[in-house]
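Encoded as structure tokens, the structure appears first; notes follow it.
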Amino acid sequence: MEHFQQVEPFDYVIFGATGDLTMRKLLPALYNRLRIGQIPDDACIIGAARTELDREAYVARAREALERFLPSDILSPGLVERFLARLDYVTLDSSRESAQWDVLKAQLAKTDPDRVRVYYFATAPQLYGSICENLHRYGLITPKSRVVLEKPIGTDMATATAINDGVGQYFPEKQIYRIDHYLGKETVQNVLALRFANPLMNAAWSSEHIESVQITAAETVGVEGRAAYYDTSGALRDMIQNHLLQVLCLVAMEAPDSLEADAVRNAKLAVLNALRPITETSAATETVRAQYTAGVVDGENVPGYLEELGKPSSTETYAAIRAWVDTPRWKDVPFYIRTAKRSGRKVSEIVVTFRPAATTMFGATPASNRLVLRIQPNEGVELRLNVKNPALDVFNLHPADLDASIRMEGGMPFPDSYERLLLDAVRGDPVLFIRRDEVEAAWRWAEPVLDAWKHDKVPMQTYSAGSYGPDQATRLLADHDDTWHEASE
Ligand code: BG6
């Protein structure tokens, strides 16, 4: 099957190799791709990090990570050994010049210099420029080298520009892969299939028929061990500027001419450029920010954000925004975007509410059709229709849900979104990665919101952990006689 086609031999160098992302996501994802036969036996994965470790100690950590983060039924001892045999490690402060770069160079010299080399930056983004400088200084950039950049690409436009310039000095744009793991999710990619392969949907996909769109990513987890990072970021920078705006782009974009990277990226960029700017004044009515207080999540008492942090903070753990895409297709259609930590349930979904039928033949106006694209969990598509209520002789309507689960064969869970993306970088397919101008357009829109918040133009609200968010977010929709999806279920 094409799905399982093996990629060409490669060297993957992961900077930040002892960090949480590498252990929790990258190594398990690579193991899984080896397991299904996509990674050739002569591929090399080299971890690089400041922690003083020899190869053996790193392999032990990697083994522990696989055991901890992968379901035991896909861990077979033979495969684990085959995977670990691919690993190497170099102790390296990647932001500095040092003899350790020569050690990395010697490791890479063991394989054919013409093969694909992927440098994955899972470090603090401020280091990206200096890592590139060192890769250049030590002669490690080959024609088939590419860099994968983890988010966040900056904390605002100025820092994003500095990071992009720093990397761009050594790598041309086509060798830069900015990862957004939401684009690796099957159900996010499915938005394209649903819209453009189904004339039924395609014909209804505009303000003529659509009344509003909601995009939600809510999590039950708090900030856990990541408080130090999270407190410098917050919900808008962590989730909206990247993941949720990318989802919005796929929902709102015009049909690209093809699935070529630039066709898709141009179509997404056009949406980002058409987002109505939010000003310091309009932020007060179009945005809501909040922090969670102590509450109950999944039956457990959990502390509030400030208690967890142990100090005062003006970082939001919840954000909701009413966005507008100023194109003829989306005239007067609000896009409500929200994200939360410590929400009452974990759910990522897109909810499209259609305009109600303009008929008087049934007496009351029929309810709006609602299309729900469940990104996770319980991946699927749900469509609420009006049907005749069979329990009554009179012609009364009642809602009926068509519910299609999207599953892998045999009910297997979907592969983690990193799996495909890690190998897309080897294959040289950038379609699911973000181009520089997209990052910048997203910051151009997000930055005034952050400024308005910084200048206290929008009060910080609170919500109890385990709830759906602050009341103010409900009001954002009530202006348009609308409700969040959970309130209508
Ligand atoms: C990451 C954020 O990018 O996405 C995290 O930094 C968040 O804070 C995560 O928890 C959510 O990803 P997913 O795939 O679990 O929805």
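The values are calculated or read from the model by the stated rules, or taken from the named source; none is laboratory data. Because the structure is a prediction, the values reported are computed rather than measured. Every residue, glycine among them, receives a Cβ derived from its backbone with ideal geometry; neighbour counts consider all protein chains shown. Each accessible area value is taken on the protein alone, full model and side chains, heavy atoms only, with ligands, DNA and RNA left out. Shrake-Rupley method; radii C 1.70, N 1.55, O 1.52, S 1.80 Å.
The angle between the Cα long axis of helix 128-137 and the longest principal axis of the Cα atoms of the chain comes to about 30 degrees, rounded to the nearest 10.
Expressed in Å, the radius of gyration and Dmax of the Cα atoms of the stretch 312-386 are 16.6, 58. Amide H to amide H, with H built 1.01 Å from N, TYR292 comes under 5 Å of TYR305, THR317, TYR463, counting only residues 5 or more places away or on other chains.
Restricting to Cα pairs below 8 Å that are 6+ residues apart, what does the relative contact order work out to for the stretch 1-119? Please round to a whole percent. About 36 percent, as a whole number. Entry note, the stretch 266-412: relative contact order of 14 percent, from Cα contacts under 8 Å with a spacing of 6+ residues. Measuring only protein heavy atoms, the 1.4 Å probe finds HIS181 accessible over about 50 Å². With all protein chains present, how much of the accessible area of the chain (probe radius 1.4 Å) comes from carbon and sulfur, to the nearest whole percent? Here it works out to 52 percent. Largest accessible area first, the listed residues ARG117, ARG24 line up as ARG24, ARG117 when surface is computed with a 1.4 Å probe on the assembled protein chains. Of the residues PHE433, PHE354, PHE414, the one with the largest accessible area comes first in the ranking PHE414, PHE354, PHE433, computed with a 1.4 Å probe on protein heavy atoms. Over the chain, accessible surface divided per residue gives 44 Å², non-protein components excluded, 1.4 Å probe.
Compared with the dominant Cα axis of the chain, that is its longest principal axis, helix 417-427 is turned about 50°.
When the Cα centres of the stretch 1-67 and the stretch 105-151 are compared, how far apart do they sit, in Å? Going from one Cα centre to the other spans 16 Å.
Past 26 Å, Cα to Cα, is the threshold; run LYS185/LYS454; LYS151/LYS454; LYS105/LYS174; LYS174/LYS346 against it and keep the listed order.
Values: LYS185/LYS454 33 Å; LYS151/LYS454 22 Å; LYS105/LYS174 24 Å; LYS174/LYS346 36 Å.
Correct reply: LYS185/LYS454; LYS174/LYS346.
Using the Cβ-Cβ distance between HIS209 and GLU409 with R0 = 41 Å, the FRET efficiency computed as 1/(1 + (r/R0)^6) comes to roughly 0.75.
Given an 8 Å cut-off on Cα distances and at least 6 residues of separation, report the relative contact order of the chain as a percent. Walk me through the numbers on the way to the answer.
On the way: 887 pairs, mean separation 84.8, N = 489.
Over the chain, the number comes to 17 percent.
Of all aspartates and glutamates in the structure, those lying under 20 Å Cα to Cα from LYS331, and not within fewer than 8 positions of it along the same chain, are GLU208, GLU211, GLU254, GLU286, ASP479, ASP481, ASP482.
Pull out the extension gain between ALA391 and HIS480, defined as 0.36 nm times the separation in residues minus the alpha carbon to alpha carbon distance; nm, one decimal.
Details: separation 89, 0.36 × 89 = 32.04 nm, distance 3.28 nm.
Extra length available between ALA391 and HIS480 comes to 28.8 nm.
Kirkwood's formula applied to the C-alpha pairs of the stretch 279-325 gives a hydrodynamic radius of 12.6 angstrom.
Figure the gain on full extension for PHE4 and ALA124 (residue separation times 0.36 nm, minus the Cα-Cα span) and round it to one decimal in nm. Can you show the working numbers first?
Values: separation 120, 0.36 × 120 = 43.20 nm, distance 3.29 nm.
Taking PHE4 through ALA124 to full extension adds about 39.9 nm, to one decimal.
On a 1.4 Å probe surface of the protein chains, which of MET253, MET157 comes out largest in accessible area, and what is the full order?
Working: MET253 0, MET157 40 Å².
Greatest to least solvent exposure: MET157, MET253.
Quick one: 3J(HN,Hα) in Hz for the stretch 242-256, Karplus 6.51/-1.76/1.60 with θ = phi - 60°, rounded, Gly and Pro as x. Going residue by residue, I get 10, 4, 6, 5, 5, 5, 4, 4, 5, 6, 9, 6, 6, 5, x Hz, with x marking Gly and Pro.
Here the Karplus curve 6.51 cos²θ - 1.76 cosθ + 1.60, taken at θ = phi - 60°, turns the phi angles of the stretch 336-346 into couplings of 9, 10, 8, 8, 8, 9, 6, 7, x, 7, 8 Hz, with x standing for Gly and Pro. Against the chain, whose longest principal axis is taken from its Cα atoms, helix 157-168 shows a tilt of about 40°. Summed over all non-identical Cα pairs, the Kirkwood treatment of the stretch 226-289 gives a radius of 13.7 Å.
Per-residue ellipticity at 222 nm, computed for the chain from helices alone with -39500 (n - 2.57) per DSSP H run of at least four residues, works out to -9000 deg cm²/dmol. Close amide H partners of SER212, meaning residues 5 or more places away or on another chain with modelled amide H under 5 Å apart, are THR353.
Between the stretch 432-489 and the stretch 285-343, how many Å separate their Cα centres? Computed from Cα coordinates, the inter-centre distance equals 6 Å.
Please report the net charge: other residues with Cβ closer than 11 Å to the Cβ of GLU208, K and R +1, D and E -1. Please list the in-between numbers first.
Working: positive: ARG329, LYS331, ARG355; negative: GLU211, ASP332.
Summing Lys/Arg as +1 and Asp/Glu as -1 gives +1.
Net charge near GLU97: determine it from the other residues with C-beta under 12 Å of the C-beta of GLU97, scoring Lys and Arg +1 and Asp and Glu -1.
Numbers: positive: ARG96, ARG137; negative: ASP93, ASP102, GLU133.
Taking every other residue near GLU97 into account, the sum is -1.
In the chain, Rg over Rh equals 0.98, where Rg is the alpha-carbon radius of gyration and Rh the Kirkwood radius from pairwise Cα distances. With the convex hull of the Cα atoms taken as the outline of the stretch 387-428, the averaged projected area works out to 5.7 nm². Over the alpha-carbon set of the stretch 298-345, divide Rg by the Kirkwood Rh and report the Rg/Rh ratio to two decimals. Reported Rg/Rh (Cα atoms, Kirkwood Rh): 1.20.
Computed from backbone phi, the HN-Hα couplings of the stretch 445-458 come to 7, 6, 4, x, 5, 4, 5, 4, 5, 4, 8, 6, 7, 10 Hz, rounded to whole numbers (Karplus: 6.51 cos²θ - 1.76 cosθ + 1.60, θ = phi - 60°; Gly and Pro given as x).
Between SER76 and GLU280, the contour length at 0.36 nm per residue exceeds the Cα-Cα span by 67.9 nm.
The Cα-based radius of gyration and maximum Cα-Cα distance (Dmax) for the stretch 369-484 are 21.6, 63 Å.
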